Amino acid sequence: MRFFMNDYGMGAHPAVLDALAKANDGLYSGYGTDGHSRRAAGLIRGLCAADGADVHFLMGGTQTNLAAIAAFLRPHEAVIAPASGHINVHETGAIEAAGHKILAAAPDGGKLGPEQVRSLYVSCTDEHMVKPRLVFISQPTECGTMYSLAELRSLRGVCDELGLLLYIDGARLAVALTAEANDASLPDIAGLADAFYIGGTKNGLMFGEVLVIVNEALKADFRYIMKQRGAMMAKGFLIGLQFCAVLENGLYFEIAAQANRQARKLQGGLARLGVEFAFRSVTNQLFPIFDNSMIAELEAGFDFERWSDAGGGKGVIRFVTTWRTLDGDIYELLARVAELQAARAAGRK
């Protein structure tokens, strides 16, 4: 089976495994207070050009979003997010289980716009309703699309206008930063968001995410919330040293750039075969549309996710490329699509 299911279904990059093996005989203080974690935090502050940022290491994305939003909001406050946002679709109601309602807007290709934020904000009129306090977006989005720097600045502007926090889910931030269409740097992200996280699980690490808190008002007692939410890892050094392994030499960005390069090869090949896409992805997630019968036949040789119904006997599927996606994987997939298309064309004659 050729693997296009996701970007976390494989082990770690060899450089990460090597770092873990070399560190295995060491002895470290717990809960992210070790030397590896301190060094990784310094590297991240430097890359973000945010010397005063607080940096916290957590296990996974859902855990990071839950701990952050639980810490940043008071009990009556709510989150504005795209309906396709990870916290609204793929986190089993974790945010709402913690007592914070999600106000979801219909996204445009996964993206949230200032007018949608303003509309949801003004719809909550008094104390009989929740009070919007935080805007959640993902960069890139769950649809493979990406916010431009101008769009991020527009969201920052409406947040400032309405007194809202801006929080960015960066599970795949690396592929956004290395995408050909990107014009927003990591310092730009740090300068516009009140808090955001930098994903490792989906970019070559065995596990691990980094939450960066920029807004001074959000920093106090965060480690208390981490512990209370089960997000403080005793062997925190395991996350810190993995980030050191990929950040000290630029490997973190090369891993993501390779995933994007492979996505463009696959996207271009499918487009040449006349395949349509549900979204104009510029990162490593692609959403082609096929007849349902063709989807079933492709599943015999390729791992991918069925995404949504497209109507008319068609469906949207998701292909995800990674640093481990080989040219041969792509060529074999393209050849199989062409073969199935030819068979259908012959059957219609």
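Of all the residues that make up the stretch 34-56, how many are over 21 Å from the mean Cα position of the chain (by Cα) and under 19 Å from Ala245 (Cβ atoms)?
Going through the stretch 34-56 one residue at a time, the tally reaches 8.
Say whether the condition of being loosely packed, with under 13 Cβ neighbours inside 10 Å, among the β-branched types (Val, Ile, Thr) and farther than 19 Å from Ser154 by Cβ is met by at least one residue in the stretch 106-128.
yes
Quick one: count up the residues across the stretch 83-105 that are touching a Cys at 6+ places or on another chain (Cβ under 9 Å) and either closer than 17 Å to Val158 by Cβ or not assigned by TED's automatic domain parsing to the domain that holds Tyr167 (or both).
Number of matching residues: 1.
What are the pairs with Cβ atoms under 8 angstrom where one residue, in the stretch 329-349, is in the same structural domain as Ile295 (by TED's automatic domain parsing) and the other, located anywhere, is surrounded by 14 or more Cβ atoms within 10 Å (Cβ to Cβ) and of a type in the set (Lys, Arg)? Sequence gap at least six, or different chains.
Asp329/Arg2; Ile330/Lys265; Glu332/Arg2; Leu333/Arg2
Every residue in the stretch 157-193 that is charged (D, E, K, R) and surrounded by fewer than 22 Cβ atoms within 10 Å (Cβ to Cβ), please.
The answer is Asp160, Glu161, Glu180, Asp183, Asp188.
Given the options Asp34, Asp25, Asp7, name the one that is crowded, with 19+ Cβ neighbours inside 10 Å, in the same structural domain as Pro132 (by TED's automatic domain parsing) and of a type in the set (D, E, K, R).
Being crowded, with 19+ Cβ neighbours inside 10 Å, in the same structural domain as Pro132 (by TED's automatic domain parsing) and of a type in the set (D, E, K, R) holds for just one of Asp34, Asp25, Asp7, which is Asp34.
Name the strands (runs of 3 or more DSSP E) wholly inside the stretch 235-349 in which the number of residues that are buried (at least 21 other Cβ atoms within 10 Å of the Cβ) is 2 or more.
Output list reads 288-291, 314-320.
Restricting attention to helices (runs of 4 or more DSSP H) lying wholly within the stretch 16-107, give those where 2 or more residues are of a type in the set (Val, Ile, Thr) and in contact (Cβ under 8 Å) with a residue 40 or more places away in the chain.
Because the criterion is at least 2 residues that are of a type in the set (Val, Ile, Thr) and in contact (Cβ under 8 Å) with a residue 40 or more places away in the chain, the helices (runs of 4 or more DSSP H) in the stretch 16-107 that meet it are 61-72, 86-89.
Among (1) over 16 Å from Gly109 (Cβ atoms); (2) assigned to a loop (DSSP other than H, G, I, E, B); (3) not hydroxyl-bearing (Ser, Thr, Tyr), which single condition is Glu142 missing?
Just one mismatch for Glu142, condition (1).
Among (1) within 30 Å of Asn215 (Cα to Cα); (2) over 17 Å from the mean Cα position of the chain (by Cα); (3) at pLDDT 95 or above, where does Ala98 come up short?
Going through (1) within 30 Å of Asn215 (Cα to Cα); (2) over 17 Å from the mean Cα position of the chain (by Cα); (3) at pLDDT 95 or above one by one, Ala98 breaks only (3).
Tally time: how many residues in the stretch 44-80 are closer than 25 Å to Pro140 by Cβ and either surrounded by fewer than 17 Cβ atoms within 10 Å (Cβ to Cβ) or of a type in the set (D, E, K, R) (or both)?
Final tally of qualifying residues: 4.
How do the pairs read when you match residues in the stretch 194-209 that are touching a residue at least 40 places away in the same chain (Cβ under 8 Å) with residues anywhere that are among the aromatic types (Phe, Trp, Tyr) and surrounded by 23 or more Cβ atoms within 10 Å (Cβ to Cβ), using Cβ under 6 Å and keeping only pairs 6 or more apart or on different chains?
As it stands, the answer is Ala195/Tyr167; Glu209/Tyr197, since those pairs meet every condition given.
Just one of Ala338, Ala345, Ala296, Ala300 is more than 21 Å from Val89 (Cβ to Cβ) and modelled with pLDDT under 95; which is it?
Ala345
Please specify each residue of the stretch 108-126 satisfying the condition of being part of a loop (DSSP other than H, G, I, E, B) and in contact (Cβ under 8 Å) with a residue 24 or more places away in the chain.
Gly109, Gly110, Leu112, Gly113, Cys124
Yes or no: the stretch 272-281 includes at least one residue that is of a type in the set (A, V, I, L, M, F, W, C) and without any contact (Cβ under 8 Å) to a residue 40 or more places away in the chain.
yes
The values are calculated or read from the model by the stated rules, or taken from the named source; none is laboratory data. Remember, it's a predicted structure, so these values are computed and weren't measured experimentally. Backbone-built Cβ (ideal geometry, glycine too); neighbour counts: all protein chains shown.
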